[in-house]
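Nothing in this text is a laboratory measurement; each read-out follows from the coordinates by a stated rule. Just so we're clear, the structure is a prediction, and the values are computed from it rather than from any experiment. All Cβ positions, glycine included, derive from the backbone under ideal geometry; neighbour counts span all protein chains shown.
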Amino acid sequence: MIDYKKVTGEFDLTGKSAIVVGGAGGIGEATAEMYARKGANVAIVDLKDTVTDVAERIAKEFGVKTIGVKCDVTKQEDVDNAVAKTVEAFGEVNILANMPGFVELENAEDIGIDIVEKHININAVGVFRVCQAVANQMIKQGKGGKIVCVTSQADFIAIDKHVGYTMSKAAVVGMIKVCALEWAEFGINVNGVAPTVVNTYMGEKAWQGQVKIDMINKIPAHRFAETDEIAAAVLFLSCDEANMITGEDLVVDGGFTIY
Ligand SMILES: NC(=O)c1ccc[n+]([C@@H]2O[C@H](COP(=O)([O-])OP(=O)(O)OC[C@H]3O[C@@H](n4cnc5c(N)ncnc54)[C@H](O)[C@@H]3O)[C@@H](O)[C@H]2O)c1
């Protein structure tokens, strides 16, 4: 059961323990900052060497406890280590923001199967590996928890040259629904946030020149999203304010998928 808790609309996370996978940059770093601003202790988990630098900066700025853990989500031992280190540092895990990401664009008739598999291994299987490890920790704790995976507008609409990426993100939508169904009895909410193009390393890699101009013209808001706008949606789904939302994939796309 996911219990009713009286909420205030303050989105308070004081004393909670959060893991942000993909937290050393882009949307993940913005999410980690927002969690810290709301009082959560945060583990920055990422492939990048800069995990500790990011963690130290956030601790200094927001006065919460943080750790940085280097982790490749395609490796089970790395994921288990990240969960263990978080429990060691903060005592438990209450929130997971799960957003490691890989994209490489190619036409469906030309894309290498190895590149398709890389998308699936990081964006889908890697994301599930983290969900499973964290959910087992949450189940052991017996206090429920919140899991939010960052998916994509590609869940809802076909985007040119995005076949590998879309296959991986669509898999996560299915995973979110099944995990939400199975883990509700443990008080765990599982949701997705599906952004349009966001101004990050990944956003810039995929959208340059004329395709960028054409894409912006198709978005009713007439711009790409900023990282804090996506982090705010992740924060909402990480709080008791969203206790009655589970199995959802919340679009944050400036209206792009209205069409
Ligand atoms: N930027 C966009 O336009 C956009 C749009 C929709 C969805 N997204 C999704 O948002 C999420 C965050 O991406 P972002 O835009 O902040 O880009 P980003 O490149 O800044 O962040 C992705 C992070 O994932 C980490 N990562 C990659 N492979 C990993 C692995 N194997 N193990 C652990 N960490 C790994 C990277 O080091 C990086 O810090 C991704 O899941 C991405 O698919 C991004």
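Couplings 3J(HN,Hα) for segment 187-198, derived from phi with the Karplus relation 6.51 cos²θ - 1.76 cosθ + 1.60 (θ = phi - 60°), are x, 9, 8, 10, 9, x, 10, 10, x, 6, 5, 10 Hz, where x marks Gly and Pro.
Charges were assigned to the Cβ only: +1 to each Lys and Arg, -1 to each Asp and Glu. The resulting dipole of segment 135-210 about its Cα centre is roughly 180 debye.
In the calculated pair-distance distribution of segment 123-178, the portion above 14 angstrom amounts to 56 percent of the Cα-Cα pairs.
Net length available on complete extension from T74 to A170 is 32.7 nm, with 0.36 nm assigned per residue and the Cα-Cα distance removed.
When Rg and the Kirkwood Rh are both derived from Cα coordinates, the Rg/Rh ratio for segment 53-128 amounts to 1.10. Between the amide H of A225 and those of V197, V198, N199, distances stay under 5 Å, these residues lying 5 or more places away or on another chain, with hydrogens modeled in the peptide plane.
Working note: Cα atoms of the chain, range along each principal axis, descending, whole Å: 48, 38, 38. Ordered from longest to shortest, the equivalent ellipsoid semi-axes for segment 142-248 are 29, 15, 10 Å, each the square root of 5 times a Cα gyration tensor eigenvalue. In the structure shown, the pairs K140/K169; K6/K143; K60/K177; K38/K75 are assessed against 26 Å; a Cα-Cα span above that value is assigned to K140/K169; K60/K177; K38/K75. Expressed as a whole number of Å, what is the distance separating the alpha-carbon centroids of segment 94-125 and segment 214-259? Between the Cα centre of segment 214-259 and that of segment 94-125, the gap is 20 Å. Between the alpha-carbon centres of segment 168-205 and segment 2-55 there is a gap of 16 Å.
Proximity of backbone amide H atoms, modeled 1.01 Å from N, is registered between D249 and G192 at under 5 Å, excluding neighbours fewer than 5 places apart on the same chain. Taking θ as phi - 60° and the Karplus parameters 6.51, -1.76 and 1.60, the scalar couplings of segment 208-217 work out to 9, x, 5, 5, 5, 4, 4, 5, 4, 5 Hz in sequence order, x denoting glycine and proline.
Computed from the Cα positions only, the extents of segment 1-78 along the three principal axes stand at 40, 32, 19 Å, in decreasing order. Only the Cβ atoms of Lys and Arg (+1) and of Asp and Glu (-1) were treated as charged; on that basis the dipole of segment 1-109 about its Cα centre amounts to roughly 640 debye.
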